[in-house]
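Read the figures in this text as sums done on the coordinates, not as results from a lab. Everything numeric here is computed off the predicted structure, so don't read it as measured data. Methodologically, a virtual Cβ is constructed for each residue, glycine included, from the backbone with ideal geometry; neighbour enumeration extends over all protein chains shown.
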Amino acid sequence: GQQVMQIPQYQHVQEGEDFTTYCNSSTTLSNIQWYKQRPGGHPVFLIQLVKSGEVKKQKRLTFQFGEAKKNSSLHITATQTTDVGTYFCAGPLRELVFGKGMKLTVNP
Amino acid sequence: DGGITQSPKYLFRKEGQNVTLSCEQNLNHDAMYWYRQDPGQGLRLIYYSQIVNDFQKGDIAEGYSVSREKKESFPLTVTSAQKNPTAFYLCASSNGQTNSPLHFGNGTRLTVT
């Protein structure tokens, strides 16, 4: 079936490092959304990308939508302990379909 | 202050019992959703409703039931037919427009023993 896949599922970084996580869809998406779930919390909407090749920034977070609108990336610059959590991408198929998430831990 | 309220935060039940999870929103959103979250499985859609008195099955609806009698409320019943009911359940809502983002409640952690 239609899927949204995230890689890697787990990421452990040293505080201050940069890293990138990826989201891939088996089909072309009209848009992609990113959410963050802090440990013990609930998912919170971060951003939506709609246009092919679109890039949006939120402070140290940079989100990109692929040219073919089948993949997306999230790049975090100078990771901080406040970035800890699970990041989900989600694409509208029949309804919004979430990837399995990328759990980020940060070593201070 | 608008938002989505799920209650209770923690729920314990014995196997074989039905249990109903509450979800209320005052965001005036048309659409409401129930997701189940298991470790390493992401969020899986159980049921959703785009308008009062109407709802559709999601990917894992077996063993669950819902109702949407009021715009503000979308309770989920976990029946005894659900084989693995222990999980974290998240309710969400959106304004129902295409591609609108979801607003999530704080979740209910259900443990069935």
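Using a basic spin-label model with each label point 7 Å from the Cα along Cα→Cβ, how many nm lie between A:Ser30 and A:Lys51?
1.9
Given the convex hull of the Cα atoms of the protein assembly as shown, what is a quarter of its surface area in nm²?
Numbers: hull surface 49.0 nm².
Seen from a random direction, the Cα hull of the protein assembly as shown projects 12.3 nm² on average.
Quick one: check the C-alpha center-to-center distance for the range A:68-100 versus the range B:12-47, whole angstrom.
With the range A:68-100 and the range B:12-47 each reduced to a Cα centre, they are spaced 22 Å.
Residues with beta-carbon under 13 Å from that of A:Val13, excluding A:Val13: net charge, scoring Lys, Arg +1 and Asp, Glu -1? It would help to have the intermediate numbers written out before the result.
Numbers: positive: A:Arg60, A:Lys103; negative: A:Glu15, A:Glu17, A:Asp18, A:Asp83.
Spelling it out: positives minus negatives among the neighbours equals -2.
Which residues' amide hydrogens lie under 5 Å from the amide hydrogen of B:Thr86, considering only partners 5 or more residues apart or on another chain, with H built in the peptide plane?
Sorted by chain and number, the residues that satisfy this are B:Val112.
Mean projection of the alpha-carbon convex hull of chain B over all orientations, in nm²? Working shown, then result.
On the way: hull surface 27.0 nm².
Average of the hull's projected areas for chain B equals 6.8 nm².
Rank B:Pro8, B:Thr86, B:Ser65 by how far each Cα sits towards the positive end of the charge dipole of chain B (+1 on Lys, Arg Cβ; -1 on Asp, Glu Cβ) and give me just the farthest.
Farthest towards the positive end: B:Thr86.
Largest first, please: the extent of the C-alpha atoms of chain A along each principal axis, to the nearest Å.
Each principal axis gives a Cα extent; for chain A these are 40, 26, 20 Å.
As a quick test, which of the pairs A:Lys57/B:Lys57; A:Lys36/A:Lys69; A:Lys51/B:Lys70; A:Lys100/B:Lys83; A:Lys70/A:Lys100 have an alpha carbon distance above 28 angstrom in this structure? Could the numbers behind the result be given before it?
On the way: A:Lys57/B:Lys57 35 Å; A:Lys36/A:Lys69 21 Å; A:Lys51/B:Lys70 36 Å; A:Lys100/B:Lys83 21 Å; A:Lys70/A:Lys100 16 Å.
Violating the 28 Å limit, Cα to Cα: A:Lys57/B:Lys57; A:Lys51/B:Lys70.
Under 8 Å for C-alpha pairs, at least 6 residues apart: give me the relative contact order for the range B:21-113, rounded to a whole percent.
Values: 205 pairs, mean separation 28.3, N = 93.
This gives 30 percent for the range B:21-113.
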